[in-house]
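Structure first, commentary second.
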Amino acid sequence: MIEFDGRLFSYTIASDVVRNGLGAELNEIINGKEVYVAEVFRNDTNLKVEFNTFEANLPYAALVKLFEVFELEVTHEFDV
């Protein structure tokens with residue numbers, strides 16, 4: 001876990017067989033539970049890297065860290 005602006009976050013690397021890809025997920029810890037708030041996703045069907053957010057108000061530093069995690073942990077080679 002990491003804290004930004006008094007809020008706790010965690011990062012997860014996850015594959016998605018339905019969407020056919022791999023990504024880095026940003027979760028906010030709220031009342032002891034992880035809430036999925038954003039992702040950087042390598043879409044192997046569309047051959048694109050996509051960014052999605054499910055929360056409008058996120059600290060910039062948390063998003064920068066999400067992209068860093070993606071760059072370090074997820075290969076950019078599409079699995080076709």
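Observations on the structure shown:
- Whether a residue is in contact with a Leu (Cβ under 7 Å, 6 or more places away or on another chain) and aliphatic (A, V, I, L, M) was assessed, and VAL17 does not pass this test.
- Selection of the range 23-35 for residues being part of a strand (DSSP E or B) and either open to solvent by 40 Å² or more (accessible area, probe 1.4 Å) or closer than 13 Å to MET1 by Cα (or both) yields GLU25, LEU26, ASN27, GLU28, ILE29, ILE30, LYS33, GLU34, VAL35.
- Of the residues examined, GLY6 is one that is open to solvent by 60 Å² or more (accessible area, probe 1.4 Å) and at pLDDT 95 or above.
- Every residue from the range 36-61 that is part of a strand (DSSP E or B) and among the hydrophobic types (A, V, I, L, M, F, W, C): VAL37, ALA38, VAL40, PHE41, VAL49, PHE51
- For the range 9-21, the set of residues classified as open to solvent by 40 Å² or more (accessible area, probe 1.4 Å), more than 20 Å from VAL64 (Cβ to Cβ) and not in a loop (DSSP other than H, G, I, E, B) consists of SER15, ASP16, listed by residue number.
- From the list VAL40, VAL18, the lone residue that is in contact with a helix residue (DSSP H, G or I) (Cβ under 8 Å, 6 or more places away or on another chain) and over 14 Å from ARG7 (Cα atoms) is VAL40.
- Tally, over the range 56-66, of residues that are under 18 Å from MET1 (Cα atoms) and surrounded by fewer than 15 Cβ atoms within 10 Å (Cβ to Cβ): 3
The values are calculated or read from the model by the stated rules, or taken from the named source; none is laboratory data. Only a predicted model underlies this, so the values are computations on that prediction, with no experimental measurement involved. Ideal geometry is used to build each Cβ from the backbone, glycine not excepted, and the neighbour counts take in all protein chains shown. Keep in mind that these areas ignore ligands, DNA and RNA; they rest on the heavy atoms of the full protein, side chains included. Shrake-Rupley method; radii C 1.70, N 1.55, O 1.52, S 1.80 Å.
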